[in-house]
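Structure, as structure tokens:
The values are calculated or read from the model by the stated rules, or taken from the named source; none is laboratory data. Remember, predicted model here, so these are calculated numbers, not experimental data. Heads up, the Cβs are rebuilt from the backbone with ideal geometry, glycines too, and the neighbour counts pull from every protein chain shown. We work out accessible area using only protein heavy atoms, side chains counted, and drop any ligands, DNA or RNA first. Shrake-Rupley method; radii C 1.70, N 1.55, O 1.52, S 1.80 Å.
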Amino acid sequence: MTDPTPKLAPGVRLHGDGSKLLAPERILELDEIAQSIVRQMDGTKRVSDIAAALSKEYNERESVIRKDIDALIADLAAKGYVKL
Amino acid sequence: MSLPSPIGLLAELTHRCPLGCPYCSNPIDLVRASGELDARAWTRVMQEAADLGAMHVHLSGGEPLTRNDLAEIVNAANVAGLYTNLITSAIGLTPQRLTELKAAGLDHVQISIQGADPARADAVAHFKGAMKTKREAARHVVEEGLALTINAVVHRDNIRDLPQIIDLAQEWGAGRLEVAHVQYHGWALANRAGLMPSRDEFQTAAQVVEEARERLSGDLVIDHVIPDYYGERPKACMGGWGRQVIVVAPDGRALPCHAAASLPGLTFANVKNKSLSEIWKDDAAFQRYRGTSWMPKPCQGCERAEVDWGGCRCQAFALAGDASLTDPVCALSPNHATVAAAIAKDTAAPRAPYRFRRIGG
Ligand code: SF4
Ligand code: SF4
């Protein structure tokens, strides 16, 4: 499986309270899990690193978390919020 | 029904602009430089907008770069926590200015283009060399690591160039392309006969966008603002009157829509004497067409009443002569035939010469 390093696309940033992504002309509400995933995207962490970190935080198996992350990131990338 | 917060502030910083686009949405009666709000007033407006819940500010005009204090205004918006979007023709967007704006916290730059072919695009902009300047500015934006949107207003003279416009947006490094069909307000309404494409041309354009969206998914986001005149149901203009956006005109008047100043019978409060929050909550002009209780017949009780909010007031006024009627674009409107009549008349007419936008009409 590929293990990309996702980061927010240029011009995309978290709103001050961390609950939304702001992009040109668009706002995306993030649920709690999505917020934690997005907060981990610092442009240095690979998807596997993020999965490991969240697996600890949520006390859940990494393979399960990994599925959520892959799905979210694919969705955010297709919508232009995230670059891989 | 509780009053929602505005999502965005459209800050029309000035009506001055070096270009003369015949489809400009500014009113025919443009505000002069001497009547513009100063940076201090804009600083307060930014904070008030953020306090009211707005998240985006669109710094628009006219051409915002004609203001020497633009960086100060961007900084104020940034300090207030707003996402700052500069909407520009790129004339005057030198590397120095860009660096200064980026340092002030600018999040995003939207550059408008008038077409893909430089000679024809410059003719529409009424400005020699505009395209070349835009290309260079776009390169600087990307080099600075700022996000870039290309905005292309399409009409009769450039709609066939849409594939090249899409290529160009990609080539220039844009992350997003906005393909916006002319909306007939202000100068665009005065030039409608020269701008209106045929239905076939519009349908071809829609297919081109669909195909490109699929092909470029993940690389280029394409937003397509479809022309009201070829729809069966209107759009929620501005997301509904007084629901999502608050517009502040160069002279400080607060409007529910950038074209609202052309509607008869409305007077607008000025941010010089009132806070944005007072205006948003209580101002009579914002209340006038807010929600559903003002609605006339086919809208009253219609299942789409809270989807499109009865469409565009300015269009109702332009086509049916009364801003409080259902938008004639809606097939349920008793005035729907006026749309077809306008299309037939404008597309059959020989291409009318443009009336280029300029201060002093
Ligand atoms: S539409 Fe053209 S003329 Fe109007 S403000 Fe924009 S660049 Fe200037
Ligand atoms: S009747 Fe009014 S509310 Fe219903 S679709 Fe038409 S414009 Fe919208």
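Stretched out fully, how many nm does the piece from B:Arg304 to B:Asp322 gain, at 0.36 nm a residue minus the Cα gap?
Full extension from B:Arg304 to B:Asp322 adds 4.4 nm.
Mind listing the phi-derived Karplus ³J(HN,Hα) values for the range B:221-235, rounded to whole Hz, using 6.51, -1.76 and 1.60 with θ = phi - 60°, and x for any glycine or proline?
For the range B:221-235, the Karplus curve yields 7, 10, 9, 10, 8, 7, x, 4, 5, 9, x, 9, 10, x, 8 Hz.
Mean 1/r over all different Cα pairs, inverted: what Kirkwood radius does the range B:143-216 give, in Å?
Taking the inverse mean of 1/r over all distinct Cα pairs, the range B:143-216 comes out at 13.3 Å.
What does the convex hull of the alpha-carbon atoms of the range B:1-136 project to on average, in nm²? Could the numbers behind the result be given before it?
Numbers: hull surface 37.4 nm².
Computed as one quarter of the Cα hull surface, the answer is 9.3 nm².
Counting pairs of alpha carbon atoms under 8 Å apart in space and at least six apart in sequence, what relative contact order in percent does the range B:258-361 give?
Across the range B:258-361, relative contact order equals 17 percent.
Need the C-alpha centroid separation for the range B:60-85 versus the range B:266-286, integer Å.
Computed from Cα coordinates, the inter-centre distance equals 22 Å.
Running Debye on chain B with equal point scatterers at the Cα sites and no solvent, what base-10 log of I(q)/I(0) appears at q = 0.08, 0.11, 0.12, 0.13 Å⁻¹?
Taking Cα atoms of chain B as identical point scatterers yields -0.38, -0.75, -0.91, -1.09.
Assuming a strict under-24 Å limit between Cα atoms, what lysine pair count do you get for chain B once near-sequence pairs (fewer than 8 apart, same chain) are dropped? Don't skip to the end; give the middle numbers.
Numbers: B:Lys102/B:Lys132; B:Lys102/B:Lys134; B:Lys235/B:Lys281; B:Lys235/B:Lys297; B:Lys235/B:Lys345; B:Lys272/B:Lys281.
So the count works out to 6.
Considering only protein heavy atoms, what per residue accessible area in square angstrom results for the range B:1-80 with a 1.4 angstrom probe?
With all protein chains present, the range B:1-80 gives 37 Å² per residue.
Report which residues of the range B:30-55 become buried by 10 Å² or more of accessible surface when going from the isolated chain to the complete set of protein chains (1.4 Å probe; DNA, RNA and ligands ignored).
Listed by number, the residues meeting the 10 Å² cut-off are B:Met55.
For the range B:207-361, what is the convex hull (Cα atoms) projected area averaged across all directions, in square nanometres?
The Cα convex hull of the range B:207-361, projected and averaged over all directions, gives 12.7 nm².
Give me the 1.4 Å probe accessible area per residue for the range A:31-84, excluding ligands and nucleic acids, in Å².
Details: 3070 Å² over 54 residues.
Roughly 57 Å² per residue, with all protein chains present.
Give me the distance in nm between label points sitting 7 Å out from Cα along the Cα-to-Cβ direction at B:Glu214 and A:Ser55, one decimal.
Going from the B:Glu214 label point to the A:Ser55 one covers 3.8 nm.
Would you work out the relative contact order for chain B, in percent, from Cα pairs under 8 angstrom that are 6 or more residues apart?
Relative contact order, chain B: 20 percent.
Reachable lysines from A:Lys67, Cα under 30 Å, same-chain residues fewer than 8 places away excluded?
Cα-Cα hits under 30 Å: A:Lys7, A:Lys20, A:Lys45, A:Lys56, A:Lys79, A:Lys83.
Suppose only helical runs count, i.e. DSSP H with n ≥ 4. What mean residue ellipticity at 222 nm does that imply for chain B under -39500 (n - 2.57) per run, divided by all residues and rounded to the nearest 500 deg cm²/dmol?
Values: 14 runs with 126 residues, N = 361.
-10000 deg cm²/dmol, from helical runs alone.
For B:Ala123 and B:Ala348, calculate 0.36 nm times their separation in residues minus their Cα-Cα distance, and state this gained length in nm to one decimal. Mind dumping the intermediate values first?
Working: separation 225, 0.36 × 225 = 81.00 nm, distance 2.27 nm.
Full extension of this stretch gives 78.7 nm more.
Counting protein heavy atoms only and a 1.4 angstrom probe, how many square angstrom of accessible surface do chains B and A bury in total, to the nearest 100?
1400 Å²
Mind pulling up the Rg/Rh value for the range A:31-84? Radius of gyration and Kirkwood radius, both on Cα.
With Rg and the Kirkwood Rh in hand, the quotient comes to 0.93.
Mind giving me the nanometre distance, one decimal, between the label points for B:Ile226 and B:Leu332, set 7 Å out from Cα along Cα→Cβ?
1.8 nm
Calculate the translational D of the protein assembly as shown in whole µm² s⁻¹ from Stokes-Einstein, where the hydrodynamic radius comes from the Kirkwood formula applied to all Cα pairs, the temperature is 37 °C and the viscosity 0.692 mPa s. Intermediate values should be presented prior to the final figure.
Numbers: Rh = 23.0 Å.
D = 143 µm²/s.
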